[in-house]
Every structure is written in structure tokens, then in C-alpha cells.
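Report on one structure; see the data block that follows.
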Amino acid sequence: MRKLVLTFLTSALVTTSGWSQTLFSYGNNPVSKEEFLRNYSKNAQNKKVDLSEGALKEYLDLYSLFRMKVKEAEIMKLDTMESIQRELDNYRKQLAKNYLTDEEVTTRLYKEAYERMKEDRQVAHILIMAPPTMGPEDTLKAYSRIDSLYKAITSNKADFGALAAKYSDDQGTKERGGTVGYMTALQTLYPFENAVYGTSVGAVSRPFRTQLGYHIVKVLNKRPSKGEVEVAQILVSTPKSKGEEGIASARKRLDSIQRDLKNGVAFDEAVKKYSDDKYTVDQGGVMARFGVGRMIPAFEDAAFALKKPGEVSQPVQTEFGFHIIKLIGKYPLMPYDSMLSQIKRLVDNDSRAQTARDQYMEKIKQQNGFKEYPANMVELTTKLMEIPDTGSNANLFKASDYSYMTKPLFSLGETNYTQKDFMSFAETLTRGRLMGQRQSVAKDIYKMYVSRVVNDFQEHKLVDENEDFRNLMQEYRDGIMLFELMDQNVWGKASKDSTGLKAFFDANRTKYQWEPGFKGSVYRFKNQEALNRGLEVLNAKKTVTDEDVVKAVNSESLPDGVTIQQGRFEFSRFTDVPAAELVKGQVTAPVKDEDGGYVVVHVSERFDTATPKSLEDARGYVVAEYQDYLEKQWNEELRKKYPMKVQESVFKGMVKK
């Protein structure tokens, strides 16, 4: 129900600027024609806006009630509730992510990615692992290793492939001399991609770092984009556990496959008969479309080498086995406009998106007088060095122990952010445990703290500076306030007001009736075996319980042999067994269902006329109708409290037949 309320409200823009015509007022509160039409147009949900008099009047009635309810929520100051404040804060943070970025930089990143997608690049690399958690000394050693390899290649003409095979930490490529294969944009880490597209064919990049460690890249070749390809395959696997014997056996199967294909056996039939690829065997071997860099190089090269749809390759060997590949189709790179939504999605979830955010944050700093005080950070870091790293209190600290440290670390706008502010942030972030090399950890936390402060600062400024953001925040605020108000006046009240609910039920008792039907147990047996076990128990002369049936039928080998529904059923809704066969005190004959199972019913009572429902029987229906009743009453009270006056001339001016 909450979703329905917020769906309506997300189209409500309540701020107006400049002079505008008043369309209607409720009490002393005017609503402009522009505001009304803006909301009405958005509610059209991409359909043609209906400006007929009837449609406009209908929406005017809904929208005026909405404004009255929001006014009530404002009078009650519901937006000051802690739960609503917390929800608004979370929403603001999520919404702001779409605004706290440099649009110009982001657009440039989209275009850069597309331009790179026009060209495939064949690369090899050497990796020396240096994850972000590595200490300064080990990080320096890792850099020294990659730098020495770079110098050996560029100055001493050492063989790149040989050094990769000997020293690279990338176990997936070192056996191939570091060769990754062909790749294109948006397939790897952004710094790696930059090195690939910033290095000439035959050249080696300078060492650079990613979250994995230090790399050097050699560009082996480049070519125009081959786009994507769609193929089907027959895989004959060669498990390593079977060694040469497995390869020999696979080659014999390949001979049979090729003979069948040569003799006219359809490719998809051969797939069913021979392929070991469980993911594609039921689809005739058809794989999802892929571009360069998505498959093992040998497979990829063979797939792209096929010329015409229907052409079948010779067997291609990879670490998975032997593949026979059939070309289905080739798809060239689409125009930029056609790919923009896909590129946006990939870029926005890629590490390069941080580039746009970082540049935006730097702009915010410059615009708002950001200033740092490095000496005060050094002073604080020196104090952090005193935290013990052994004993029962190893690495533990409390922010309150630093409350006397009030020197600023940086300022933004007109606010100083002090050493003690930083320690409060650090305690929350680390839960009071400072692990790792103190200077390095303090530096990292400081960066996060600055980022958090600048981000929060701009989030709040967005309300003043960005109309779209301001409107969306206003919409969400109104929505969650109205939900709370509806819960207090309608939804929650209907559930909690037991006296009012009973009085409503008593006044409308004749509406809540059981249709003709029966009481009893409905047994659904999975198969013939389960049915036989169940009937043996049900047809016994002694008194039988549903638990007896479950114990007799369900077992480890057949855990779901029978399921049982107990209760009252109406003939109009229960159609598994004809009503005429439902006799009080008897077990019906089995009826086979569409799934191959069987339905049997034990009837304890039968009702051939309608009978009244109790409040408990009808509670769901009664609560729903009581909610409607309460809301209608409330709506009438609001209309009396806020008399509505429509400017007829303005309204008529909106109507178009």
C-alpha cells in the first residue's frame, strides 16, 4: 500500500517560482495552474495528456485531497519525526549520487569509451601483486620489481614474454608469455585500459598501478573492431584428471562428430548427441553473443574467423576441451546514439565514474574555499602513534580521549573540521580499532573524511542550487509524511481499533457470508504410489487424523508425497472435485490433476445454503472495507476544514476537447 502512495506522490512537484495563475485554493492555500498541469502531465505516464473537462476534474479532485493531506502532515510536524528524518537523509544520499558528478567530464568519458570500442587491441602484460592492504615497505618492493622489469625490457631489450613467464603474478596469462589476447573498452580496470590505449603498437607502457598491483603492458597489435559474433558449439571436454587418455578418447568422438556432420546430420542434433556443454546443449549449442576479450583467445579467434552464417570450424582445442563452432551471425559495432544507454550503464558502474566524481568534488572545494592545515594532521598522527599495538588494548582507541584536540584539519565554507571531529569519524568507521601502519591508515581515513564532508556539504546545497533535486526531495518528503498520516488515520487505525471494527462489522454483517461449500481436508498426492499409501490409511475403519496420513505417505525417498489443506471451502472456488461427490463424513474418489497427481477430499461438514461469517472469518475483508470507510470519512472532514475554491476561468482555459 505504501508503494501505491509513493507512486502517486513521485509525480507531485509543489514548488513554484515567479508569477503564476492560481487554479484553485484549499482554505488559504493557493495552487497554481502550472503546478497542477506539471503533475497532471507526469501522471500521464508517457501517454497522450487528456485535457478533456472530465479528466481534468477527476484529477483536480484527487490532487486537491493530496494537498490537503500534506498540509495536515505539515501542521502535525510529521517531518520532524526521527524515523522520517532518517529516511529522508538516506534518500537524499542515494538521490545525490546522480547529481554529484561533473556532467561535462561524464559525457567525455562516454565518448572516450565509444571511440576506444572502435578499435580492438591485442595486449600482453606483467603483474606484480600489490593490493591496497599491502604495507608501504612491501609496496615499495613491488614497485621496484616492476620498474626493474620495465628497464630490462626498454633499456636492455629483454624479451617481454620470457620475463612475463618467469616473473608475472598473473597465473592466467604467464604461461602464454603474459598474452591477454584482444580486448576493447569497458572490459577491464580503467587504469589498465588507459595504458592499453595510451601505448603504441610494439611499445611497452610505463609501470602503473591498479587495485591488483603494478603492471606493465605491451601492445602487440591493433585492428578495427570486429563487433560481436553469435555462434553455436559442440564441446568435447578433456578433463585434466584423464590426461592423454582423455584427449585420445576426445579425438575419437571428434571423428564421429565430423563424420555425422559430413553425412548431413543437423548441427543441433549433433549437439544433443555429443556436446558436453550442459549450459547450451538444450539450446542447440547456441551461445550468447560476445565480443573480443570475452572468451579464451583460441576460441574467440576461431569464432571470428568464420565468414558466413552456417559455416562450421575445424576442431579448436582449449583448456576445456575441443570445440566445433558454427557461425550464426556477425554484428558490427552500432552507432554511438544506439549504444549510449548501454555505455552509460557500464561507465556509471565502472571505476572511471570515480574520475567524474573526483573532479566534481575538487570543483566544489575550490568554489567553497576549501583549505587544509597539514601541520595539525601531523600532530594528530603523532598522537595516534602512541596507541599500543600489543597487549589487551592493542590498536584500541576512544574518540573522547582526543576531545581536547580542537585544531582544524581543514575548512569548507565557513566551517572548521577539527582533530576531534576526525577522531569521531574514525571511531565510527573503524569501531575504535586502528589496524595497520598508523601513518598510512590515518592518511586513508583522512581522505575518506574529507570526501564525506564535501559530499554531505554539497548534498545539502543541492536543495538550494538544483531545482530538479529540490523537487524530488520535496516529493519524497510529502510522500513519507502522507504515508505516516494515512497509517495513523486509516490503515493502522483500522487494524488497531477493535471496537470500531466490530461496530462496522455488526452494521454490515449481512455482507459477509459463506457461500455453499464444505469443511474438511483436501489431500494432494504427488503420484500413484503416494495415493495408494494414503488411501490405505484413509479407508481404514478406525478414526484417522491428517497426521496419520502424512506419516504413512511422506518419507525420505518421497518427502512431498502428500500436502494437506484444512479449512472451509466454497463450491464456487473449489473445482478440483465435483460438488455432488462431496458428502459429509465420506472420502471422495481420487481425481487426477493436470500435473499427474491426485486430489482426495475428506468432508467433515457440508453447507448447501449461505451461512454468516464470523468477524474472524471475514477479518481481511472487513479491515479493508473499514479502511475505505475511514478514509472517506476523513476526506469529508478535510474538505470541510479546507474549503476548495476553483478559478473557473483558469480551469476552462486548460480544457481542450
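Where residues in region 421-451 are charged (D, E, K, R) and part of a helix (DSSP H, G or I), which of them is nearest to Met377 (Cα to Cα)? Applying the filter and picking the extreme gives Lys443.
Here region 417-435 is the region considered, the condition is being over 12 Å from Leu396 (Cα atoms) and of a type in the set (A, V, I, L, M, F, W, C), and the residue that is surrounded by the most Cβ atoms within 10 Å (Cβ to Cβ) is Phe422. The number of residues in region 325-384 being in contact (Cβ under 8 Å) with a residue 60 or more places away in the chain, open to solvent by less than 80 Å² (accessible area, probe 1.4 Å) and not in a helix (DSSP H, G or I) comes to 12. The set of residues in region 289-319 being in contact with a Lys or Arg (Cβ under 9 Å, 6 or more places away or on another chain) and closer than 27 Å to Gly172 by Cβ consists of Gly291, Val292, Pro297, Glu300, Phe304, Leu306, Ser313, Pro315, Glu319. Condition check for Glu193 on (1) within 36 Å of the chain's Cα centre (by Cα); (2) in a helix (DSSP H, G or I); (3) without any contact (Cβ under 8 Å) to a residue 40 or more places away in the chain: one failure, at (3).
Selection of region 210-256 for residues being part of a strand (DSSP E or B), of a type outside the set (Val, Ile, Thr) and farther than 20 Å from Thr184 by Cα yields Gly213, Tyr214, Ala232, Gln233, Leu235, Ser237. Looking across region 541-594, the residues that are assigned to a loop (DSSP other than H, G, I, E, B) and small (Gly, Ala, Ser) come down to Ser555, Ser557, Gly561, Ser572, Gly585, Ala589. Scanning region 23-59 for residues that are over 36 Å from the mean Cα position of the chain (by Cα) and closer than 19 Å to Arg639 by Cβ yields a total of 12.
Of all residues in region 111-146, those that are more than 30 Å from Met339 (Cα to Cα), open to solvent by 30 Å² or more (accessible area, probe 1.4 Å), assigned to a helix (DSSP H, G or I) and of a type outside the set (A, V, I, L, M, F, W, C) total 7.
The conditions of being under 20 Å from Ser495 (Cβ atoms) and open to solvent by 100 Å² or more (accessible area, probe 1.4 Å) are not met by Tyr626.
Would you confirm whether any residue within region 274-289 is in contact with a Leu (Cβ under 8 Å, 6 or more places away or on another chain), open to solvent by less than 90 Å² (accessible area, probe 1.4 Å) and in a strand (DSSP E or B)? Checked against the condition, which is being in contact with a Leu (Cβ under 8 Å, 6 or more places away or on another chain), open to solvent by less than 90 Å² (accessible area, probe 1.4 Å) and in a strand (DSSP E or B), region 274-289 yields no hits at all.
Among the conditions (1) farther than 13 Å from Arg524 by Cα; (2) open to solvent by less than 70 Å² (accessible area, probe 1.4 Å); (3) free of Cβ contacts under 8 Å to residues at least 40 places away in the same chain; (4) out of contact with any His (no Cβ under 9 Å at 6 or more places or on another chain), the only one that Glu581 does not satisfy is (2). Quick one: is Gly181 within 27 Å of Phe299 (Cβ to Cβ) and in a loop (DSSP other than H, G, I, E, B)? Here the answer is no, as Gly181 does not meet what is asked. Note on region 449-503: among residues that are farther than 25 Å from Lys69 by Cα and open to solvent by less than 40 Å² (accessible area, probe 1.4 Å), the one that is nearest to the chain's Cα centre (by Cα) is Glu459. In region 134-154, how many are among the hydroxyl-bearing types (Ser, Thr, Tyr), without any contact (Cβ under 8 Å) to a residue 60 or more places away in the chain and under 24 Å from Gln122 (Cβ atoms)? Adding up the residues that qualify gives 1. Going through region 508-544 one residue at a time, which ones are closer than 30 Å to Glu616 by Cα and open to solvent by 60 Å² or more (accessible area, probe 1.4 Å)? Arg509, Thr510, Lys511, Gln513, Glu515, Lys519, Arg524, Thr543 - these are the residues of region 508-544 that are closer than 30 Å to Glu616 by Cα and open to solvent by 60 Å² or more (accessible area, probe 1.4 Å). Which one of these does Val265 not meet: (1) of a type in the set (Val, Ile, Thr); (2) part of a loop (DSSP other than H, G, I, E, B); (3) in contact with a Gly (Cβ under 9 Å, 6 or more places away or on another chain); (4) farther than 30 Å from Met334 by Cα? (3) is the only condition that Val265 fails. When the test is whether a residue is under 26 Å from the mean Cα position of the chain (by Cα) and open to solvent by 50 Å² or more (accessible area, probe 1.4 Å), Glu87 passes it.
The values are calculated or read from the model by the stated rules, or taken from the named source; none is laboratory data. These figures come from a predicted structure and were not determined experimentally. In this analysis, Cβ positions are derived from the backbone assuming ideal geometry, glycine residues included, and neighbour counts consider all displayed protein chains. Each accessible area value is taken on the protein alone, full model and side chains, heavy atoms only, with ligands, DNA and RNA left out. Shrake-Rupley method; radii C 1.70, N 1.55, O 1.52, S 1.80 Å.
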